[in-house]
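Chemist: I am attaching a structure below and will ask some questions about it afterwards.
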Amino acid sequence: MAVNRAEPFDPRTHAGPLPSPCIGICVMEEGSGLCKGCQRTIDEIIDWGMAPEARKRQVWLAILERRAQR
């Protein structure tokens with residue numbers, strides 16, 4: 001399930017399985033250690049497929065915080 005980028009996404013209120021934050025720009029930034037596209041760490045990316053929904057929600061919240069700090 002893709003996230004509709006036209007509408008603000010809020011993982012705290014999203015119903016159903018959380019979508020992957022991947023947007024297909026998969027390049028790790030050397031300085032921050034984050035993916036340029038989705039703002040996840042390599043460990044968050046690797047773990048995503050097997051992570052429980054609670055963990056995915058934590059990752060999404062971390063992504064939103066990272067984006068806010070940019």
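Chemist: If you compute Rg and Dmax of the Cα atoms in Å for the structure shown, which of (i) 11.7, 34; (ii) 11.2, 32; (iii) 11.8, 38 do you land on?
Modeler: It is the value labelled (i).
Chemist: Tell me, what % of the accessible area of the chain is carbon and sulfur with a 1.4 angstrom probe? Before the final figure, lay out the partial values.
Modeler: Values: 2670 of 4720 Å².
Of the solvent-accessible surface of the chain, carbon and sulfur hold 57 percent.
Chemist: Let me ask something else about it. If amide hydrogens are placed 1.01 Å from N in the peptide plane, which non-local residues have theirs closer than 5 Å to the one on MET28?
Modeler: Distant-sequence amide H within range of MET28: LYS36.
Chemist: So what is the calculated 222 nm ellipticity per residue for the chain, using -39500 (n - 2.57) for each DSSP H run with n of 4 or more, over all residues, to the nearest 500 deg cm²/dmol?
Modeler: Helix-only estimate at 222 nm: -9500 deg cm²/dmol.
Chemist: Show me the GluC sites (Glu not before Pro) within segment 4-58 that DSSP assigns to loop and that have at most 10 other Cβ atoms within 10 Å of their Cβ.
Modeler: Those that pass, being in a loop and sparsely packed, are GLU29, GLU30.
Chemist: Tell me the net charge near ILE45. Cut-off is 15 Å between Cβ atoms, ILE45 excluded, with +1 for each Lys or Arg and -1 for each Asp or Glu.
Modeler: +1
The values are calculated or read from the model by the stated rules, or taken from the named source; none is laboratory data. On a predicted model such as this, the values are computed, not experimentally measured, just so you know. We place every Cβ from the backbone using ideal geometry, glycine too, and count neighbours over all the protein chains shown. With ligands, DNA and RNA removed, areas are computed over all heavy atoms of the protein, side chains included. Shrake-Rupley method; radii C 1.70, N 1.55, O 1.52, S 1.80 Å.
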